[in-house]
1. Calculate the translational D of the stretch 7-87 in whole µm² s⁻¹ from Stokes-Einstein, where the hydrodynamic radius comes from the Kirkwood formula applied to all Cα pairs, the temperature is 25 °C and the viscosity 0.890 mPa s.
2. Per DSSP helix of 4 or more residues, -39500 (n - 2.57); summed, then divided by the residues of the chain. What does that give at 222 nm, rounded to the nearest 500?
3. Hey, rough spin-label estimate for ARG53 and ASP33, points 7 angstrom out along Cα→Cβ, what's it come to in nanometres?
4. By per-residue mean of other Cβ atoms within 10 Å, what is the highest-first order of 41-49, 7-15?
5. Over the chain, with the other protein chains present, what is the accessible area per residue in square angstrom, probe 1.4 angstrom?
6. Relative contact order of the chain: what whole-number percent is it, with Cα pairs under 8 angstrom and at least 6 residues apart?
7. Ignoring ligands, DNA and RNA, what percent of the accessible area of the chain is carbon or sulfur (1.4 Å)?
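The values are calculated or read from the model by the stated rules, or taken from the named source; none is laboratory data. Since we're looking at a predicted model, the values are computed, not measured. So basically every Cβ, Gly included, is an ideal-geometry build from the backbone, and we count neighbours across all protein chains shown. Please note that ligands, DNA and RNA were not included when accessible areas were found on the heavy atoms of the full protein model with its side chains. Shrake-Rupley method; radii C 1.70, N 1.55, O 1.52, S 1.80 Å.
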Amino acid sequence: MSWMIGRNAALADPESARRKAAAKLKELVELDDPEAAIFPVLVDALLLVESYRGARHQISFLPELTESVDGLLRELDIAEKAKLWAAE
């Protein structure tokens with residue numbers, strides 16, 4: 001995947017990380033069905049927050065929760081590349 005904020009960058013400068021994420025999410029309008037792409041990510045975010053609430057240990061299903069985020073980023077990368085190729 002060509003885009004990633006990374007833990008250190010997000011912790012060191014959260015505002016910059018938010019701006020980078022917001023800029024990437026502007027490409028949602030290029031997807032065929034943006035609502036279908038974003039809904040699973042929102043559900044996973046809710047589960048992630050609730051799973052970590054008050055916990056002091058790693059949750060066992062964290063890798064599965066990242067799948068929808070990774071899928072969304074892949075779709076956004078494809079849309080971005082298609083837009084670049086169309087401009088050439």
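1. Estimated diffusion coefficient is 171 µm²/s.
2. -23500 deg cm²/dmol
3. Placing both labels 7 Å along Cα→Cβ, they lie 3.0 nm apart.
4. Packing order, densest peptide first, comes out as 41-49, 7-15.
5. Counting only protein heavy atoms, the per-residue value for the chain is 77 Å².
6. It comes to 40 percent, rounded to a whole number.
7. 60 percent
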